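Coordinate-derived values only; no laboratory data. No experiment lies behind these values; they were computed from the predicted model shown. Using ideal geometry, Cβ is built from the backbone for each residue, glycine included, and neighbour counts are taken over all protein chains shown.
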Amino acid sequence: MKVLGIETSCDETAAAVVEDGTSILSNEIASQVELHARYGGIVPEVASRQHLLAIIPVIERAMAEAGVDWHNLDGLAVTRGPGLAGSLLVGVSVAKAVAAVQEMPLIGTNHLEAHIYANWLGEQKPRFPLICLIASGGHSDLVLTRGHGDYVMLGRTRDDAAGEAFDKAARILGLGYPGGPAIDKASETGAATIELPRAWLKGSYDFSFSGLKTALLRLVEGGRVCRSDDAAASFQKAVVDVLVTKTVAAAKEYRVKQILLSGGVAANRLLRRQLLAESPIPVLVPPPILCTDNAAMVAACGYFRLQAGKRDGLNMDVVPGLKLV
């Protein structure tokens with residue numbers, strides 16, 4: 001079964017064709033990073049306009065690379081939330097138009113759920129029950145997954161998500177945008193020698209990085225940071241320590257078979273290394289291209305929803321604040 005996936009939740013215009021939820025036939029991504037870098041962050045109106053320009057060519061390239069025509073496809077999956085309203089509307093509107101004309105099953109997917117399903121696109125397949133850490137620009141969620149579509153939210157961010165914290169830290173240190181890769185790169189030449197706080201929120205699997213960001217800001221404003229690479233390394237280590245410690249603790253408590261890592265922050269090299277090193281439970285980590293926003297994960301998620309008999313009507317709308325649980 002071949003599914004076309006469309007992703008336009010934020011600033012990446014993406015389309016992909018995936019077979020049987022596990023095999024990538026194509027995965028096209030048109031990035032807007034350079035466009036938004038001049039503003040130091042994503043401008044929603046600019047993002048949605050760029051999606052309008054890019055989406056049809058991206059879909060055409062994905063189908064051509066996969067060697068499929070409309071009659072070869074068994075379904076069309078599209079992200080309906082969470083995300084930027086204007087960006088989501090572009091993808092969903094195109095998907096509904098295609099589904100109507102081609103009389104094709106339409107599946108609206110949750111962006112966070114799709115990030116989980118990026119792990120089904122590797123050689124080793126996940127085994128239930130499992131814990132998934134979804135770490136991205138807008139989300140830091142710890143999810144117990146007992147089966148397809150069976151989720152329990154164990155913890156989520158109470159303020160800044162990990163990716164958002166990296167963006168703000170990079171801005172404070174003058175490292176540029178996007179912040180995650182900038183912090184990761186600067187950390188290569190730095191040492192985590194600066195004492196920064198960690199919000200453990202005892203008795204909870206929730207996350208909080210706002211205080212950490214404020215502590216870094218106070219150090220910079222007070223002239224107590226001499227090397228930005230040391231500050232970047234120290235900030236990164238503080239974020240990763242909390243993410244890894246809470247994820248491993250949850251995995252042990254719920255006696256899961258595997259830990260999955262997903263979301264844009266999952267591309268962070270220290271996070272990948274430290275989780276693999278400290279977890280006594282097997283860890284699956286997608287390649288970096290499947291951690292950041294892409295449509296292959298949307299198509300994989302759509303396949304499993306189709307298998308479960310899920311379909312959406314042409315009256316489906318976007319939900320910018322869509323919850324996983």
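Among Gly138, Gly67, Gly41, the residue with the largest mean-square fluctuation in a Gaussian network model of the chain, with springs joining Cα atoms closer than 10 Å, is Gly67. For Asp74 and Arg127, what does the FRET efficiency come to when R0 = 25 Å and r is the distance between their Cβ atoms, rounded to the nearest 0.05? Efficiency for this residue pair is about 0.45. Proximity of backbone amide H atoms, modeled 1.01 Å from N, is registered between Ser140 and Thr157, Ala162 at under 5 Å, excluding neighbours fewer than 5 places apart on the same chain. Computed from backbone phi with θ = phi - 60° and the Karplus coefficients 6.51, -1.76 and 1.60, the 3J(HN,Hα) list for region 122-130 is x, 5, 8, 9, x, 10, 7, x, 8 Hz; x is used for glycine and proline. When +1 charges are put on Lys and Arg Cβ atoms and -1 charges on Asp and Glu Cβ atoms, the dipole computed for the chain relative to its Cα centre reaches about 1000 debye. Phi-derived couplings, Karplus 6.51 cos²θ - 1.76 cosθ + 1.60 at θ = phi - 60°, listed residue by residue for region 279-288: 8, x, 9, x, 10, 10, 10, x, x, x Hz, with x used for Gly and Pro. If you take the Cα centroid of region 194-258 and the Cα centroid of region 276-325, the two points sit 26 Å apart.
Extension gain, Arg218-Ile281: 0.36 nm per intervening residue step, less the Cα-Cα distance, totals 18.9 nm. GNM remark for the chain: springs join alpha carbons under 10 Å apart, and the peak mean-square fluctuation among Lys246, Lys125, Lys213 falls on Lys125.
Restriction of the trypsin sites (Lys or Arg not before Pro) in region 115-171 to DSSP coil positions whose beta-carbon has at most 15 other beta-carbons within 10 angstrom yields Arg127, Arg158. Projecting the Cα atoms of Ile131, Pro105, Val3 onto the dipole axis of the chain, where Lys and Arg carry +1 and Asp and Glu carry -1 at the beta carbon, places Ile131 farthest toward the positive end. Considering only Gly163, Pro181, Val283, and ranking their Cα positions along the charge dipole of region 128-285 that arises from unit charges at the beta-carbon of Lys, Arg, Asp and Glu, the one farthest toward the positive end is Val283. The amide H of Ser26, built 1.01 Å from its N in the peptide plane, has Val17 as neighbours under 5 Å, considering only residues 5 or more places off or on other chains.
If the elastic network links every pair of Cα atoms under 10 Å, which of Ala170, Ala99, Ala266 fluctuates the most in the Gaussian network model of the chain? Per the Cα network of the chain with a 10 Å cutoff, Ala99 tops the list.
When we measure straight from the Cα of Lys168, which lysines land under 26 angstrom away, once same-chain ones fewer than 8 places off are left out? List returned: Lys185, Lys202, Lys213, Lys237, Lys246, Lys323. Each residue of region 189-200 was assigned a 3J(HN,Hα) from its phi angle through the Karplus expression (A = 6.51, B = -1.76, C = 1.60, θ = phi - 60°), giving 9, x, 10, 7, 9, 8, 6, 10, x, 10, 8, 7 Hz with x at Gly and Pro. Cβ-Cβ distance of Val319 and Arg61, R₀ of 22 Å, FRET efficiency by 1/(1 + (r/R0)^6): the value works out to about 0.20.
So how much slack lies between Arg158 and Arg255, counting 0.36 nm per residue of separation and subtracting their Cα-Cα distance, in nm?
Extra length from Arg158 to Arg255 when fully extended: 32.4 nm.
Restricting region 144-221 to GluC sites (Glu not before Pro) that sit in a DSSP loop and have at most 11 other Cβ atoms within 10 Å of their own Cβ leaves Glu188, Glu195. Loop-resident trypsin sites (Lys or Arg not before Pro) (DSSP state other than H, G, I, E or B) in region 264-325 with no more than 16 further Cβ atoms inside 10 Å of their Cβ: Lys310, Arg311, Lys323.
According to the square roots a ≥ b ≥ c of the eigenvalues of the Cα gyration tensor, what is the shape class of region 41-159, taking rounded for a/c under 1.5, prolate for a/b larger than b/c otherwise, and oblate for the remainder? Since a/c reaches 1.5 but b/c is at least a/b, the shape of region 41-159 is classed as oblate.
When each full DSSP H helix of the chain is screened for a Cα extent of at least 24 Å along its own axis and an average Kyte-Doolittle hydropathy of at least -0.5, the helices passing are 44-66, 85-102, 228-253.
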